[in-house]
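The values are calculated or read from the model by the stated rules, or taken from the named source; none is laboratory data. In this text, all values refer to a predicted model and were calculated from it rather than measured experimentally. Virtual Cβ from ideal backbone geometry, glycine too; neighbours counted across all protein chains shown. In case anyone asks, the SASA skips ligands and DNA or RNA and just uses the protein heavy atoms, side chains included. Shrake-Rupley method; radii C 1.70, N 1.55, O 1.52, S 1.80 Å.
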Amino acid sequence: MWTTDMTTQALIYLFVAGSFALYIGIAVWARAGSTKDFYVAGGGVHPVVNGMATAADWMSAASFLSMAGLIAFLGYDGSVYLMGWTGGYVLLALLLAPYLRKFGQFTVPDFIGARYYSNAARVVAVICLIFISFTYIAGQMRGVGIVFSRFLDVPIDIGVMAGMGIVFVYAVMGGMKGITYTQVAQYCVLIFAYLVPAFFISFMITGNPIPQLGLGSQVADGSGMYVLEKLDAVLTDLGFSAYTAGSRSTVDVFAITAALMIGTAGLPHVIVRFFTVPKASDARLSAGWALVFIALLYTTAPAVGAFARLNFVESVHETPYEAAPQWLRNWEANGLIAFADKTGDCVMHLGPGEAFAGPPAFLPERGACGERQVSNPVNPDTRSEVYIDRDIMVLANPEIANLPGWVIALVAAGGLAAALSTAAGLLLVISASISHDLLKKTFRPGISEKQELLAARLSATAAILVAGYLGIYPPGWVAEVVAFAFGLAAASLFPAIFMGIFTKRMNKEGAIAGMVAGLAATFLYIAWFKLWNPAANTAAHWWFGISPEGFGTVGMLVNFAVALTVARFTAKPPAEIDALVESIRVPRGAAAAVSH
């Protein structure tokens, strides 16, 4: 089905199998023996180790696979993802992490249930958390499927199932303790896999091996043009808008950036990492280390996106299909690139708009030019003849640039590491919310620790099955699906946690009403434009000019407004809650994680 040379194929199997063996070996070595191990890795993880594990947990398939692809095709507009996803860590380090660690609980619903002295608040928080986590995990499993599909020569569905099996072994058996040390290994794999091709490609295009500097350098083709200058010229010649020109309105850019920042600070699988360090000061320190480790990838992504777009245009535009580069045929064989010969000359032309009406559904027949036939009608209103799935740009980059086989194999292992690390963290959060928050703390408080650990593993297994289904039938591109999870987190959990720490007057009625209102408003807005009425998903129909990706900011404001209003007209929290909030704010004397 694909024709990568045998040496490269052998290297891919070697790198992927070796990394999987490493992850499973670490999970077995660090297997959780108690609920404290399973939920918070025993509460004794070093800040640097936790920072690296947090970075791996954070840098998902969206960061590794999809973000550079979005930047490659969105240009300046893609910067919202960079600003939002990195800026959120500053909020997290300053406003939430140390206070939640000082509180000393296991999960986010734990904090909300105790702070708002209500099992109802705890259950609402669990519902919000499950909504967010499953939205996020769909993107991760899709990423796993894409990597398996291309590099291990299996259908995307089978790739997703294989990923489910690997995550099952080290997430269900190892718990947070196993996941933490596995994620340290996964970070090393993914960051090496991301940076090495970037160094190669930056040197090939500009003569400067440092991609962050290469993006601002002249192209090494004797033209004297800078990379972005050349990219602007190439794209405008094809009818696209300039790469460095933004098309989003200022209010939409602000809303998306804010939703991603605030959503980062409200993501449960990121927050729970700060429960694993020994004390409150370590929580802030590990957030700082996480930002350092994350910055290595995020400062490289703009260069990777720009180089990928330039290489893609130069290797495809006005190339006869029969002379198409091998990498294009490889990805076409996996259903992630398609060619529609609108002009009848068997030459591939690029231009604005989509080549087909919707993602292509491939047929077994071949067309007159030898291309794979697609059942979708071609889009007659655009000049574009080539469809490319944006999620493949980072994976395809080494092939487009004709890099050595070991680099291609490394990228395959890195892509899997990125997707699996985040998927494992999300699955653990889901299982903990069901076994600990719903069973132990709400419906079955009398169960033993052994029964709770069994319930955690069973709920993680069920969550893996649901995640696999969402990976096989995903609702969009990886990074866009993940962006919606951030919107939901910004609109539901962040305000409740923030007000729980900094507002003594906030009571259970206000918090519950705010979470429900924020989650409902954001979900309905996203669902209307993305699921129920996608034809209306244009700036002319958006409320206040804010796209679905940015509506989490409005949902957050709805949450704050409803919560504060309801709290004003209902009873004040009990005196012991005032004392609890006061103790959380005291910078010293953090207790150990609460034993259960």
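If Val566 passes every condition in (1) open to solvent by less than 20 Å² (accessible area, probe 1.4 Å); (2) over 13 Å from Gly263 (Cα atoms) but one, which one does it miss?
Answer for Val566: the failing condition is (1).
Please state which one of Gly414, Gly351, Gly358 is open to solvent by less than 10 Å² (accessible area, probe 1.4 Å) and either closer than 30 Å to Ser133 by Cβ or in a helix (DSSP H, G or I) (or both).
The unique qualifying residue is Gly414.
When both residues are 6+ apart or on different chains and their Cβ atoms are under 9 Å apart, which pairs have a first residue that lies in region 74-96 and is more than 13 Å from Thr54 (Cβ to Cβ), and a second that is buried (at least 24 other Cβ atoms within 10 Å of the Cβ) and charged (D, E, K, R)?
As it stands, the answer is Val80/Glu549, since those pairs meet every condition given.
Looking at region 417-454, which of its residues are small (Gly, Ala, Ser) and either within 19 Å of Val160 (Cα to Cα) or open to solvent by 20 Å² or more (accessible area, probe 1.4 Å) (or both)?
Ala417, Ala418, Ala419, Ser421, Ala423, Ala424, Gly425, Gly446, Ser448
So which of Val313, Val292, Val304 is in a helix (DSSP H, G or I), among the aliphatic types (A, V, I, L, M) and crowded, with 24+ Cβ neighbours inside 10 Å? Working first, answer last.
On the way: Val313 fails: crowded, with 24+ Cβ neighbours inside 10 Å; Val292 fails: crowded, with 24+ Cβ neighbours inside 10 Å.
Just a single option satisfies the conditions, and that option is Val304.
Pairs needed: first member in region 332-351, over 19 Å from Ser149 (Cβ atoms); second member anywhere, assigned to a strand (DSSP E or B) and open to solvent by 40 Å² or more (accessible area, probe 1.4 Å); C-beta distance under 7 Å; at least 6 residues apart or different chains.
Between residues of region 332-351 that are over 19 Å from Ser149 (Cβ atoms) and residues that are assigned to a strand (DSSP E or B) and open to solvent by 40 Å² or more (accessible area, probe 1.4 Å), the close pairs are Ala340/Val378; Lys342/Val378; Cys346/Pro320; Val347/Pro320.
Is it true that Val154 is at pLDDT below 85 and either part of a helix (DSSP H, G or I) or over 22 Å from Gly69 (Cβ atoms) (or both)?
No; evaluated as a whole, the condition is false for this residue.
For region 43-68, enumerate the residues that are at pLDDT 75 or above, over 11 Å from the mean Cα position of the chain (by Cα) and in a helix (DSSP H, G or I).
Hits for region 43-68 are Pro47, Val48, Val49, Asn50, Gly51, Met52, Ala53, Thr54, Ala55, Ala68.
Starting from region 127-143, keep only residues that are touching a residue at least 24 places away in the same chain (Cβ under 8 Å) and farther than 15 Å from Ala491 by Cβ, then list their pairs with residues that are open to solvent by 30 Å² or more (accessible area, probe 1.4 Å) and part of a helix (DSSP H, G or I) whose Cβ atoms are within a distance under 7 Å, requiring at least 6 positions of separation or different chains.
Phe134/Val466; Phe134/Leu470; Ile137/Leu470; Ala138/Leu470; Met141/Leu470
Considering only residues of region 174-211 that are buried (at least 24 other Cβ atoms within 10 Å of the Cβ), at pLDDT 85 or above and hydroxyl-bearing (Ser, Thr, Tyr), which is farthest from His269 (Cα to Cα)?
Ser202
So, of the residues in region 1-29 that are at pLDDT below 65 and either assigned to a helix (DSSP H, G or I) or more than 16 Å from Val411 (Cα to Cα) (or both), which turns out to be most open to solvent (accessible area, probe 1.4 Å)?
Met1
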